1. Starting from the range 266-292, keep only residues that are within 13 Å of residue 309 (Cα to Cα), then list their pairs with residues that are not in a strand (DSSP E or B) whose Cβ atoms are within a distance under 6 Å, requiring at least 6 positions of separation or different chains.
2. Please report, ordered by residue number, the helices (runs of 4 or more DSSP H) entirely within the range 43-157 with at least 2 residues that are within 17 Å of the chain's Cα centre (by Cα) and either assigned by TED's automatic domain parsing to the domain that holds residue 169 or crowded, with 19+ Cβ neighbours inside 10 Å (or both).
3. Between 360, 399, which is touching a strand residue (DSSP E or B) at 6+ places or on another chain (Cβ under 7 Å) and either exposed (fewer than 15 other Cβ atoms within 10 Å of the Cβ) or part of a strand (DSSP E or B) (or both)?
4. What about residue 336, is it in the same structural domain as residue 271 (by TED's automatic domain parsing), assigned to a strand (DSSP E or B) and touching a helix residue (DSSP H, G or I) at 6+ places or on another chain (Cβ under 8 Å)?
5. Looking at (1) on the phi > 0 side of the Ramachandran plot; (2) surrounded by 15 or more Cβ atoms within 10 Å (Cβ to Cβ), find the lone condition where residue 202 falls short.
6. What are the residues in the range 174-203 that are in contact with a helix residue (DSSP H, G or I) (Cβ under 6 Å, 6 or more places away or on another chain) and either in a helix (DSSP H, G or I) or not assigned by TED's automatic domain parsing to the domain that holds residue 147 (or both), if any?
7. Sort out for me the strands (runs of 3 or more DSSP E) sitting completely within the range 249-323 that have 3 or more residues that are under 30 Å from the mean Cα position of the chain (by Cα) and modelled with pLDDT of 90 or more.
């Protein structure tokens, strides 16, 4: 009986031990699973990179010549190239932000910060496809945090007072100016305000993007595969996966889009000359224009006419990359002509087979006249030199030939009030040195 009881005691003791073992296993399994999850998260450690593009005062056009924008544009090209060929990295999210400096009205500043953000997004998305569901848009409006950081790192004697105002927050409502603006202006008769304006505000006028990437499934599989190989190669640890950080930079001018312009000269139409022209972008600063003019009518009577077939190809140099504003052109001119001014004589290129061929220079200005900036109005004056070889006829019906002359013409050869419409024809990845 005692032995049976003793055996039963052994059984109970064994049962307790078994129960404790099961409990420990139950606790260990989640810990192991958690450890595995933590390792996977660590293996997929996300990389973040941000870069700013600066804008001129009140502008939302990306200028590669302003501050350090050229370097940023170069880096975005490098990022696009790397992102397109690197299957070891997944793009997790892309954030676009726009910001302004404090001066200016509330309504304008809100519009401008959003416009800068959109310019950056348009530039980047014209270079590479980004899924809509990973894009985050953040219109920061006035970049107070950035100003706070710059002042904190400065040697301004009153920086503690400035930072206290910045960090106090905006007490205004609605369309009222941010209360911090007036507080900063009240300091030492605006001396501090203007020092901030000239030193730091230019850095606040920006758009920036934040890129978040992580190792792809393919990269993790590669690492797993390489771990057992390391000991056979005499290495003390597995071969590290060589992932270089992907860098993203910003933007727009628009991105480098090449346009074709379809155009007509309103002055020519007024002279009853049918005319049509095309112009092609050749790069950031150059374009090529080719207008053609044709007229075969009299001005209400046979003694008054300006009949012609003329072509005037021109290469233009633009002061701005967007092909608006001032330009200087160098052109050639080719024309058959037959004209009379209701006087005694009619003038025609010799035998109707001796067109003039010359060339000259022009100066002009173009500006957008529609919200989408596709419709343009253009003004230009040109002058050139042309050798003439022509017949002189009596200005009457079947008038007889009186003389044949040669001379050189120097003077106006182009008066342009043009209307044009631009059409995008090609997107070109910008080359920034």
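The values are calculated or read from the model by the stated rules, or taken from the named source; none is laboratory data. Treat the numbers as computed from the prediction; the structure is a model and nothing was measured. All Cβ positions, even for glycine, are placed from backbone atoms using ideal geometry, and neighbour counts span all protein chains on display.
1. These pairs meet every condition: 272/297; 275/268; 291/312.
2. Details: elements: 69-85, 106-127, 144-152.
Those helices (runs of 4 or more DSSP H) span 69-85, 106-127.
3. On the way: 399 fails: either exposed (fewer than 15 other Cβ atoms within 10 Å of the Cβ) or part of a strand (DSSP E or B) (or both).
When all the criteria are applied, what remains is 360.
4. Values: in the same structural domain as residue 271 (by TED's automatic domain parsing): yes; assigned to a strand (DSSP E or B): yes; touching a helix residue (DSSP H, G or I) at 6+ places or on another chain (Cβ under 8 Å): yes.
For residue 336, the condition - in the same structural domain as residue 271 (by TED's automatic domain parsing), assigned to a strand (DSSP E or B) and touching a helix residue (DSSP H, G or I) at 6+ places or on another chain (Cβ under 8 Å) - is met.
5. (1)
6. Filtering the range 174-203 down to residues in contact with a helix residue (DSSP H, G or I) (Cβ under 6 Å, 6 or more places away or on another chain) leaves 175, 180, 183-185, 193, 200.
Once the filter is applied, which keeps residues that are in contact with a helix residue (DSSP H, G or I) (Cβ under 6 Å, 6 or more places away or on another chain) and either in a helix (DSSP H, G or I) or not assigned by TED's automatic domain parsing to the domain that holds residue 147 (or both), the range 174-203 yields 180, 183, 184, 185, 193.
7. Numbers: elements: 257-265, 274-281, 286-295, 298-301, 304-311, 314-318.
The strands (runs of 3 or more DSSP E) meeting that bar are 257-265, 274-281, 286-295, 314-318.
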